[in-house]
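Below is one structure; the comments refer to it alone.
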Amino acid sequence: MNFDLAIINGRILDGTGNPWFKADIGIKEGKIDFIGKLRKPSAEKVINAENLIICPGFIDIHSHSDFTVLVDPKAESKIMQGVTLEVVGNCGSSAAPMNDFLREHRERYLKPTLGEEIEFDWETMNQYFKKLEAKGIAVNIASLVGHGTVRTCVLGFSDRSPTSSELEEMKELVAKAMEDGAIGLSTGLIYTPGCYAKTEEIIELAKVAAEYGGIYASHIRGEGATLIEAVKEAITIGEKASIPVEISHFKASGKPNWGKVKEAIKIILEARNRGVDVTADQYPYIASSTGLVALLPKWAREGGAEKILERLKNPKIRNKIRDEMKSYTLRDEEYWSRIMISQVGKNKQFEGMRIAEIAKILDKDPIDTVLDLILEEETIVRMINFGICEEDVETIMKLTWVMVGSDGRAVSPTGKLGEGKPHPRYYGTFPRVLGRYVRERKVIPIELAVRKMTYLPAWRLGFRDRGIIREGAWADIVIFDPNEINDKATFINPHQFPVGIKYVIVNGEITVENGKHTGRLNGRVLRLQNRVK
């Protein structure tokens, strides 16, 4: 038998949760052509995987690499941790659709974080996909269509419900994105403008995605004090729209809310028992990350960045914002010690520092420190919030219906994407599960961990020929040392690749070889229509 690539002597974890077995793999024309014993492997290249684990490539079910893969198609921080498929368009924000209003907003507030070379020169999901394909990508990409993006195209950042004609326009945009290959609808219900949407609006749009066989992925309406109500809303949307639900980065945020995940799990299991298809994903860290503007009251974010800046310049309105934000400290005395600035444009000296620490240096109240930073940086400030407890992380990780998702972007240690101190999940999510939680803490067995990263998300997405080691499946493969694999990225020094990942193969081509990126761009755009019937 002649193959393009053969992998011999390794232990195979096929992704299904089965125990490992010893076999060789023959790859031809991008797919797994043979699994068994190769007595005399005849291939252009042979990888000896002795003492190593061979498993499907990791699927990042919750990614935000929509734009960074256009800046760095090598997707370095993802491919180097074994990710071969990224699902973008999460938290209600997707690259498409895009009209002139949204394009102008991105030119002003997004471009500074990506670099001047990026061009927002598409409108539809299909045009975005074609741009990815023309440029080349190291990883496979699938995309959800973002509810917030759709709403912005129709309503801007207004805090109001759509008229009947506007709702129809939003439904048409969702339908067009699904026809172009989007795999479902996402929401970000703590962000503008998604936070202004009533449940009924989301149900109507989710029904459109459901007609095409899509999923509904939600950054729910609150992961802290309102966690239970928010989980119930996500379930209601799934039930009324007849669509599978994926609860994004499942957690309880804020010390007063630790432990609430147990009640939320009970509610999800009750829903599953009555026939509602609900699953979730998580990242293996005790900190979250988002924009600093998310700390502002919902009403203060209405209208987008320009309106936010106007309000902060108005002493009367600013005082009103301050008064509402005082409640954060009342709920948690250590609140401002838990918030770290991770990336800013002008005030680089504050990257890696906590708000309480910065406030002390500036001799300011912590709330004034936050508001001044947002104003000085024209809203473009990233933060990390150390608001999750380890016990909750492990409780959620043990659930068989919870997948692994980084909630991070593909970045690089160099260039524009190497700036700041992004959350270490950008570099280390998948190796961290296998190193810290499987090998060191023994929270879950390796078979379950690999399943959470491969077969389970592939099943959720409907890609039956991905996320599994079997003959006929696409050869997206990771080869790693189970005794070495671990993350190295830290909150203070995040731009570090993990250890223990020896090879990453994307559609049959070696993209990481002996721990080094080969530069190959063999990824593909995976559209809804690519599902195997």
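Only the coordinates and a few stated rules stand behind these numbers; no lab work does. Since the model is a prediction, treat every value here as computed from it, not as a measurement. Positions of Cβ are backbone-derived with ideal geometry, glycine not excepted, and every protein chain shown enters the neighbour counts.
For region 290-385, the gyration tensor built on C-alpha atoms gives an oblate shape. Its axis ratio a/c (a ≥ b ≥ c) is at least 1.5, and a/b is not larger than b/c.
Using only side-chain charges placed at the Cβ, +1 for Lys and Arg and -1 for Asp and Glu, the dipole size of region 290-385 relative to its Cα centre rounds to 200 debye. Give the calculated FRET efficiency between LYS316 and SER337 to the nearest 0.05, with a Förster radius of 35 Å applied to their Cβ-Cβ distance. The value I calculate is 0.75. Residues in region 147-154 carry Karplus couplings, in order, of 4, x, 5, 4, 5, 4, 4, 9 Hz; the curve used is 6.51 cos²θ - 1.76 cosθ + 1.60 with θ = phi - 60°, and Gly or Pro positions show x. The relative contact order of region 290-385 comes to 36 percent, based on Cα pairs under 8 Å that sit 6 or more residues apart. Note on the chain: antiparallel DSSP beta bridges, both residues inside, total approximately 50 percent of the bridges counted. Spatially close Lys pairs in region 290-385, defined by Cα atoms under 20 Å apart and a spacing of eight or more places or different chains, total 19. For semi-axes √(5λ) of the Cα gyration tensor in Å, the value computed from the atomic coordinates appears in the list (1) 37, 25, 23; (2) 45, 27, 19; (3) 47, 26, 22 under label (1). Across region 454-460, rounded Karplus estimates of 3J(HN,Hα) from the backbone phi angles (6.51 cos²θ - 1.76 cosθ + 1.60, θ = phi - 60°) give 10, 5, 4, x, 4, 5, 4 Hz, Gly and Pro being marked x. Among ARG311, ARG301, the order by Cβ neighbours within 10 angstrom, fewest to most, reads ARG311, ARG301. Each residue in CYS55, CYS91, CYS389 was given a count of other beta-carbon atoms within 10 angstrom of its own, and listing them fewest first yields CYS389, CYS91, CYS55. Only helices enter this figure: runs of n ≥ 4 DSSP H residues, each worth -39500 (n - 2.57), summed and divided by the residues of the chain, yield -9500 deg cm²/dmol at 222 nm to the nearest 500. The angle between the Cα long axis of helix 261-273 and the longest principal axis of the Cα atoms of the chain comes to about 60 degrees, rounded to the nearest 10.
Here the relative contact order of the chain, from alpha carbon pairs under 8 Å that lie six or more residues apart, stands at 21 percent.
The value of relative contact order for region 1-132, using C-alpha pairs under 8 Å at least six residues apart, is 20 percent. Using the Karplus relation 6.51 cos²θ - 1.76 cosθ + 1.60 with θ = phi - 60°, the per-residue 3J(HN,Hα) values for region 475-486 come to 7, 9, 9, 10, 10, 9, 8, x, 8, 10, 4, 5 Hz, with x marking Gly and Pro. Need one word for region 148-298: rounded, prolate or oblate. Basis is the Cα gyration tensor (sqrt eigenvalues a ≥ b ≥ c); a/c below 1.5 gives rounded, then a/b vs b/c decides. It is oblate, given that a/c is not under 1.5 and a/b is not larger than b/c. Taking amide hydrogens as placed 1.01 Å from N in the peptide plane, the amide H of ARG409 sits under 5 Å from those of HIS64, each at least 5 positions away in sequence or on another chain. Counting beta carbons within 10 Å around each of TYR196, TYR455 and listing the fewest first gives the order TYR196, TYR455.
This model, with +1 at the C-beta of Lys and Arg and -1 at the C-beta of Asp and Glu, gives the chain a dipole about its Cα centre of some 1040 debye. Amide H to amide H, with H built 1.01 Å from N, ALA43 comes under 5 Å of PHE3, counting only residues 5 or more places away or on other chains. Less than 5 angstrom separates the built amide H of ILE215 from those of GLY184, LEU185, all sequence-distant by 5 or more or on a different chain.
Taking a ≥ b ≥ c as the square roots of the eigenvalues of the alpha-carbon gyration tensor, region 397-533 is classed oblate because a/c is 1.5 or more while a/b is no larger than b/c.
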